[in-house]
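Have a look at the structure below, then the notes.
The values are calculated or read from the model by the stated rules, or taken from the named source; none is laboratory data. These numbers come from a predicted model, not from an experiment. We place every Cβ from the backbone using ideal geometry, glycine too, and count neighbours over all the protein chains shown.
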Amino acid sequence: MSTAVLGRGLADGWRGLTIAAGSVAAMLVLGLAVYQDLDLSIYEGLPEVVRSLMGIPPHADASLMAYNEMLAAIGALAFVGVAVAIGASAIAGEESNRTLPLVLASPVSRVSFALSKAAAMVLLLVGCGALLWAVAAIAPLVLDVEIGDARVLALMLHLTANAIFHGCLAFAIGAITGRKGLAAGVGASVMVLGWLGTGLLPIWRENAADWIPWYWFNGSKPLVGGVNGGHLALLLGGAALLVAVGVLGFRTRELRLNQTGGSLLDKARAIPMLARILQPTGKGGSLFGLRLAAQQVLLSYVVVVVSLLMGLAMPFMYKGLASMMADFSQSFPQSMADLFGGGDLTTAAGFLHLETFGMVAPIGVILVATAAAASGIAGEERARRMSTLLSQPISRSRVYLTVASAMATYVVIVAGTLFLGSWAGVAMSGIDVKVANLAWACGLLALLGLFFGALALFISAATGKPSPAVWATTGIAVVGFFGYTLLLAAGKEGWGWWSPLRAYLYGPPLQEGVLWWQPVWLAVGAVLLVAIGLPIFVRRDLRNGS
């Protein structure tokens with residue numbers, strides 16, 4: 001392995017993981033503190049078997065359910081999501097930035113480069129897991145929470161192995177194809193679908209989720225039952241196999257020296273209303289068309305998984321499980337539902353909000369908006385293409401507003417296809433969901449995406465660095481979601497006025513509709529961020545290197 005490449009890999013990834021670990025750790029401590037104020041007496045007298053199924057270890061306080069929410073669910077998605085991003089960028093990111101040929105021109109073989117990148121990713125994930133384990137072990141002592149027979153170390157071993165597996169999956173796809181968007185899209189899709197499948201499939205049929213990697217992480221409830229050697233072997237063995245496949249594929253393929261637009265842009269040009277906007281120019285393509293093509297792979301995966309697959313499938317899922325939901329909801333405390341964004345399992349609208357609109361849809365739209373905004377300015381500066389672009393008769397204002405327009409287009413596509421998919425699923429399944437509320441929910445989702453896209457655009461314009469734009473936006477989104485949902489679970493919903501997620505989740509809109517201040521909060525915030533970022537970008541000195 002190459003020490004220099006290893007060091008660079010560690011330097012490139014530590015910021016994102018530090019933000020993710022810090023956010024999850026802070027929310028874990030806050031979650032344990034908030035649970036002290038909840039009335040959990042109903043769970044104190046339950047049999048140990050039932051408490052174990054709910055994630056409460058023997059002889060532990062019921063407030064330890066917060067561990068399952070912060071570390072085994074919400075926090076796990078954040079941790080594994082960052083792992084996917086690091087894995088996708090390890091090789092494919094270098095290739096898309098056109099720095100890979102320069103590195104390989106040095107006396108560094110492809111195998112050595114790939115193994116060094118993989119080793120850096122694994123070391124970063126192990127370090128992040130160790131940090132979270134330390135916080136998880138110390139927090140109960142500080143807050144005087146009785147953990148009983150809780151196996152905190154076992155949970156963190158499973159979580160870290162899960163992050164390594166998904167990171168290696170994204171690494172392998174990026175190494176084999178050279179496409180960062182494809183690697184991130186597949187990795188994120190496997191993560192989200194695995195999380196959903198692990199929670200829903202066992203309701204339908206026992207052991208139906210045993211083959212899902214996410215089930216190998218938490219299906220055996222390691223916080224209660226301890227380490228499952230078979231599941232750990234599957235995760236770590238699968239990760240090693242994925243790295244080997246990725247290294248072999250990278251060793252033999254040709255590098256991608258040019259990033260070209262694909263069929264999505266070509267199909268858009270075939271639409272008469274868009275043909276003039278996206279028509280090619282003498283220099284190869286319109287500025288808006290080039291920005292619209294930049295994140296099309298990631299957009300395609302989010303649209304397929306979040307908008308079409310979940311939008312169509314979840315109404316039929318509820319219809320098939322409706323007879324079981326009433327009994328299941330009695331053992332599913334409302335405080336736990338609140339931690340996932342609210343909702344009510346006994347109604348179709350509440351179920352769709354909890355499973356799709358409460359967490360998964362916001363993740364998808366924020367991911368797409370942030371990627372589009374950060375890559376359009378800071379990404380171009382890091383790749384040393386911005387100065388070349390501005391040497392043409394193109395103003396900085398036009399570049400900035402074009403990136404903002406492309407980001408907004410992505411957001412509208414995600415929210416619009418989610419509406420169409422959900423509307424079709426509701427209509428075909430015959431469940432009771434108001435179309436007007438569905439439209440409002442998707443409209444608020446679009447405004448939420450615009451807000452966080454505008455935030456990423458502002459940070460990108462101010463710094464010229466993609467990492468702060470991506471990770472700061474991600475951190476604010478995580479804290480905004482965790483902070484509001486924890487306050488919601490504690491019965492202090494009004495204290496979450498500061499969170500943009502409150503404007504999106506309040507109601508919830510799919511059940512209750514919206515109040516006037518919800519779209520206003522998000523729209524005004526997005527407009528202000530875009531307006532503030534424009535003069536900053538116009539006056540700032542551009543960065544010449546990464």
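What the table shows:
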read-out	value
Tally, over the range 441-471, of residues that are at pLDDT 90 or above and buried (at least 20 other Cβ atoms within 10 Å of the Cβ)	20
Selected residue [touching a residue at least 60 places away in the same chain (Cβ under 8 Å), under 26 Å from E381 (Cα atoms) and either surrounded by fewer than 20 Cβ atoms within 10 Å (Cβ to Cβ) or among the small types (G, A, S) (or both)] from S96, S112	S96
Flag if V426 is buried (at least 24 other Cβ atoms within 10 Å of the Cβ), in contact with a Gly (Cβ under 7 Å, 6 or more places away or on another chain) and in a helix (DSSP H, G or I)	no
Test: A150 is outside any helix (DSSP H, G or I), buried (at least 16 other Cβ atoms within 10 Å of the Cβ) and touching a residue at least 12 places away in the same chain (Cβ under 8 Å)	yes
Where F481 falls short, out of the listed (1) crowded, with 19+ Cβ neighbours inside 10 Å; (2) more than 22 Å from the chain's Cα centre (by Cα)	(2)
Some residue of the range 245-256 being within 22 Å of V186 (Cβ to Cβ), touching a Lys or Arg at 6+ places or on another chain (Cβ under 7 Å) and either assigned to a helix (DSSP H, G or I) or at pLDDT below 70 (or both)	yes
Those helices (runs of 4 or more DSSP H) lying entirely in the range 34-146 with at least 1 residues of a type in the set (K, R) and modelled with pLDDT of 80 or more	110-143
Any pair with Cβ under 9 angstrom, 6 or more apart, that starts in the range 211-239 at a residue that is on the phi > 0 side of the Ramachandran plot and crowded, with 20+ Cβ neighbours inside 10 Å and ends at one that is of a type in the set (A, V, I, L, M) and assigned to a helix (DSSP H, G or I)	K221/L53; K221/A72; K221/L155
Qualifying residue in the range 383-400 (condition: at pLDDT below 90 and touching a Phe, Trp or Tyr at 6+ places or on another chain (Cβ under 7 Å))	yes
Yes/no for L438 being touching a Phe, Trp or Tyr at 6+ places or on another chain (Cβ under 8 Å), more than 21 Å from L528 (Cα to Cα), modelled with pLDDT of 90 or more and not aromatic (F, W, Y)	yes
Top-ranked residue of the range 161-213 - restricted to ones that are assigned to a helix (DSSP H, G or I), over 17 Å from the mean Cα position of the chain (by Cα) and polar (S, T, N, Q), ranked as modelled with the lowest pLDDT	T198
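The rows are residues; the columns are (1) part of a helix (DSSP H, G or I); (2) in contact with an Asp or Glu (Cβ under 9 Å, 6 or more places away or on another chain); (3) closer than 20 Å to Y504 by Cα; (4) of a type outside the set (A, V, I, L, M, F, W, C).
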site: A415; (1), (2), (3), (4): yes, no, yes, no
site: D432; (1), (2), (3), (4): no, no, no, yes
site: A441; (1), (2), (3), (4): yes, no, yes, no
site: L455; (1), (2), (3), (4): yes, no, yes, no
site: I459; (1), (2), (3), (4): yes, no, no, no
